[in-house]
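*Asks:* Have a look at this one before I ask anything.
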Amino acid sequence: MMFAILLYLFTLIAAVAAFGILIARHVFHAVLLLIVCLTSVAGLYLLLSAEFIAATQLLVYAGGIVVLIIFGIMLTQKLSGKGNQLRHDNLLPGLVVSTVLLVLLGYGIKSTPSGSIRMSFSGDSMIQIGNSLFSSYSAPFEAAGLLLLVSLVAATVMARHNKEEGS
Amino acid sequence: MSQPLPYLGAFLFSIGLAVVLTRRNSIMVLLGIELMLNATNINLVAAGNTGSGLFDGQIFALFVIIVAVCEAAIGLAIVLRVYQLYQTSVPDQVSDLKEKN
C-alpha cells in the first residue's frame, strides 16, 4: 500500500514538474523544475529496486547536468534581465505534434500487456551491474569512457574564448 | 497493480518534444532533450524490472545517462560559442553563416 502511494506520488510530482517546465516564464524556474522532476524520477528508480541508477541519476543529472545548464544560463544572459523572459514560438504545431505523439504512445501502451512491479531491496542489482559492466558489457563500457574523453576535450576546445582567432 | 510508469515515460517524452519545438531559447531546447532522455530511461528501467535476475535494462539506462552527459557538455559548449559570435541564445536569430561587415 505504501509502495503504491509512493509510486503514484513520485509519478505525479514528475509529471507536474515536467508540465511546469513547458509553461515556465523564466529559464531559471524551468531549471529548478527540472531538478524536481529528475529527483522524483530518481525516487521512482529506488522504488523499482534500481539503486545504482537512482544514485547515478542524482549525481549526474541533479549534480552535474543541472549545474552545467545553470552555468550556461549565467554565461549567456543576465539573470534578472528581460532576456530570460521566454516566449513560445510555433505554439500550435508543436502542441499538436506532441499531443498526437502522446495519444499514439498511450494507445500503444494501453494495448500492450505489462507486468506488475517487483520490488526487492536486496542490493543484488548493484553487484550484478558491476559484474556485467566488467564482463559482458566491457567493450561498451570502454567505448563510453572514450566517448566521455572525446566530448570533454571537444567541449573545452569549442567553448574556449579566443580573441586572436577572430572567428 | 497496473503500471503508471510507461504512461509517465510517454508523458515526459511528449512534454520534452513540446519544449524542444515551442521554446525560443537554446538552453530550453537542451532541457527538453534531457527530459526526453529521462523518459526513455524510465521506460528502460521499468521494462527491465521483471524479477528475472537480469539487469540489462539498468545497464542500458546507464549508457543513456552517459550519452546524455556528453550531449549536455557539447550542447552547452555550442551554446556558449554561438553566444560569443552572435550575442544571442535564440536559435531563430542565428541565421547568418558568414560574419556581417
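We did not get these values from a lab; they are worked out from the coordinates using the rules stated. As the structure is a computational prediction, the values presented were derived from the model and not from experiment. Ideal geometry is used to build each Cβ from the backbone, glycine not excepted, and the neighbour counts take in all protein chains shown.
*Asks:* Quick one: order B:71, A:142 by neighbouring beta-carbon count within 10 Å, fewest to most.
*Replies:* Ascending number of Cβ neighbours within 10 Å: A:142, B:71.
*Asks:* Obtain the radius of gyration and the Kirkwood radius of region A:1-107 from its C-alpha atoms and give Rg over Rh.
*Replies:* Taking Rg over the Kirkwood Rh, I get 1.04.
*Asks:* Could you check the spin-label model distance between residue A:107 and residue A:149? Points 7 Å from the Cα along Cα→Cβ, value in nm.
*Replies:* Simple spin-label model gives 4.9 nm for this pair.
*Asks:* Using every pair of alpha-carbon atoms in the protein assembly as shown, split the distances into 5 Å bins beginning at 0 and state the percent of pairs per bin, rounded to integers.
*Replies:* In order of increasing distance, the bins hold 1, 6, 12, 16, 17, 16, 13, 9, 6, 3, 1, 1, 0, 0 percent.
*Asks:* So which chymotrypsin sites (Phe, Trp or Tyr not before Pro) in region A:29-71 end up in coil per DSSP with only 13 or fewer other C-beta atoms within 10 Å?
*Replies:* Listed in order of number, the matching sites amount to none.
*Asks:* Now a separate question. Can you report the principal axis dimensions of chain B using only the alpha carbons, biggest first, rounded to whole angstrom?
*Replies:* 65, 23, 14
*Asks:* While we're here: Once you list every other residue whose beta carbon is under 15 Å from the beta carbon of residue A:69, what net charge do they have if Lys and Arg are +1 and Asp and Glu are -1?
*Replies:* My count for the surroundings of residue A:69 gives -1.
*Asks:* Which net charge results when you count Lys and Arg as +1 and Asp and Glu as -1 among the other residues whose beta-carbon is under 12 Å from that of residue B:29?
*Replies:* Numbers: positive: B:23, B:24; negative: A:89, B:34, B:71, B:92.
Neighbour charge sum, excluding residue B:29 itself: -2.
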